[in-house]
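Shown next, in structure tokens, is the structure this report addresses.
The values are calculated or read from the model by the stated rules, or taken from the named source; none is laboratory data. Model, not experiment: these values are computed from the prediction. So basically every Cβ, Gly included, is an ideal-geometry build from the backbone, and we count neighbours across all protein chains shown.
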Amino acid sequence: MANGIKKSKKKIFIFGGLGLLLIVVVLLVIFQGNKEEIIPVVTEKVQKRTVTQTVTATGKINPEFQVKITPEVTGEIVFLPVKEGDKVKKGDVLIKIKADAYQAQKQRAEAALQSSRALLSQRKAELEKVSSDYKRVSGLHVKNLVSEAELEAAKSQYLSVQAMYEAAHASVLQSDAALREALEQLYKTTITSPMNGTISILNVELGERVLGSGFSQGTDLMTVSDLANMEAIVDVDENDVPLISVGDTSRIKVDAFGDRVFSGVVTQIGNSAKQTGFGTQEQVINFEVKIKLIDIDKNLRPGMSCNAKIETETKENVVTVPIQSVTARSDFKPIEEEEGEPVNGKKKEEEKVQEIVFVIDNSKAKSVKVETGISDDNYIEIKKGLEPDAEVVTGSYRAISRELKDGSIVIVENKGKKESEKK
């Protein structure tokens, strides 16, 4: 009997303990569920700064002035006094093409001109004679001393000789033009430099046969470049072109010169688009922008790759925050007709994206709508919504873009951020 009572008490204690444990677990779950999440963030004070908006682009270094030399006559190169890298002056001989055929052509033209002039002299003498005869017969006809038939014959002969004289004169003009053309072709066998500069490209060798550009493009002989005036020719995305103006300052880095920065000024903005990957997902539309280099290095070479940062606008002493502090959040608002009635009996919703930043107030996050302006690589201008010295959230990205809401409890971890940056 006593054993039964003991067993009964033991069961009561066991089940009572299990019930108490179950109650504790339930209470813990309830209290844990009601506990609000604390979000770690990094913050920074709103400050006034100078912000410079920039547009970046890549391209090549090229001479501002360069001339491609092509021959206008065909023949063999018999004289080539320059090599790539040589400096030349305007008028210096760059190349001579074998001129034998053009010399013979000139001599034929001279002979033809002499023959034409001799024939013209002969026709002139004949014209003077028949002109005199025609005048004499005309005088006799007035006195009725010659017949009408004799007068007509004299007149016909005069007109015929006059026509032959005019033809001979035209032949002289034609022969003279042919001689000038032959001389021009002969002169073109010697090519001189059109400007002071450097032979930046040389594509031919002595003894090589080249084609003239009379009826085709002609052989590309060489390029004369003014290396004292260089420019960067860069491709700018179509969305950035409206921001750029002639005269904008630019900072240019040339790959071959490491971190050295060259100064430049925008001199020309292309009007025609350059398309690549047309009709594909990789389609890109750029515009060519030319930037004149202000400081020139003698070691700059045409064709070097470069990166340009064009400064399009600068604002001084404006309210700024780090770029990552500004995020976009959607705000849904009903759209109704002008009379105030719902459209088709239902209210439609339009997603309206607002730019906001989160500020810290008593360890809680508060969203503030802002109006932004220009930005540089690190900071963005705040036109409306914030005042200097406000504490804005700058990280983490996940917290700013997803986790933070109005009233979220936060813990600021700026100290840990600074220590990690130092390391």
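If residue 296 satisfies every condition in (1) crowded, with 16+ Cβ neighbours inside 10 Å; (2) in a loop (DSSP other than H, G, I, E, B); (3) among the aliphatic types (A, V, I, L, M) but one, which is the exception?
(1)
Name the residue, out of 96, 106, 124, that is at pLDDT 95 or above and either charged (D, E, K, R) or part of a helix (DSSP H, G or I) (or both).
96
To keep it simple, each residue is scored yes or no on (1) touching a Leu at 6+ places or on another chain (Cβ under 9 Å); (2) of a type in the set (D, E, K, R); (3) not in a loop (DSSP other than H, G, I, E, B).
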residue	(1), (2), (3)
198	yes, no, yes
213	no, no, no
217	yes, no, no
223	yes, no, yes
228	no, no, no
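Given (1) surrounded by 11 or more Cβ atoms within 10 Å (Cβ to Cβ); (2) part of a loop (DSSP other than H, G, I, E, B); (3) acidic (Asp, Glu), identify the lone condition not met by residue 313.
Condition (2) is where residue 313 drops out.
In the stretch 372-387, which residue that is over 26 Å from the mean Cα position of the chain (by Cα) and among the hydrophobic types (A, V, I, L, M, F, W, C) is modelled with the lowest pLDDT? Break it down into steps so the answer makes sense when it comes.
As a first pass, look at the stretch 372-387 and keep what is over 26 Å from the mean Cα position of the chain (by Cα): 372, 379-387.
Right, trim to among the hydrophobic types (A, V, I, L, M, F, W, C) and you get 380, 382, 386.
Values: 380: 92, 382: 91, 386: 88.
Filtering the stretch 372-387 for residues that are over 26 Å from the mean Cα position of the chain (by Cα) and among the hydrophobic types (A, V, I, L, M, F, W, C), the one modelled with the lowest pLDDT comes out as 386.
Being modelled with pLDDT of 90 or more and either surrounded by 13 or more Cβ atoms within 10 Å (Cβ to Cβ) or farther than 30 Å from residue 217 by Cα (or both) narrows it down to one residue among 25, 41, 51; which is it? Show your work before the answer.
Working: 25 fails: modelled with pLDDT of 90 or more; 41 fails: modelled with pLDDT of 90 or more.
One residue alone meets the criteria, 51.
For the stretch 294-316, enumerate the residues that are in contact (Cβ under 8 Å) with a residue 40 or more places away in the chain, aliphatic (A, V, I, L, M) and farther than 21 Å from residue 372 by Cβ.
296, 300, 304, 308
For the stretch 219-271: of the residues being within 30 Å of residue 71 (Cα to Cα) and among the acidic types (Asp, Glu), which is surrounded by the most Cβ atoms within 10 Å (Cβ to Cβ)?
231
Check whether at least one residue in the stretch 277-284 is under 19 Å from residue 313 (Cα atoms) and surrounded by 13 or more Cβ atoms within 10 Å (Cβ to Cβ), and report yes or no.
No, every residue in the stretch 277-284 fails to be under 19 Å from residue 313 (Cα atoms) and surrounded by 13 or more Cβ atoms within 10 Å (Cβ to Cβ).
Within the stretch 128-169, how many residues turn out to be farther than 30 Å from residue 118 by Cα and assigned to a helix (DSSP H, G or I)?
The total comes to 9.
Determine which single condition residue 124 fails, assuming it passes every other condition in (1) out of contact with any helix residue (DSSP H, G or I) (no Cβ under 9 Å at 6 or more places or on another chain); (2) over 30 Å from residue 200 (Cβ atoms).
(1)
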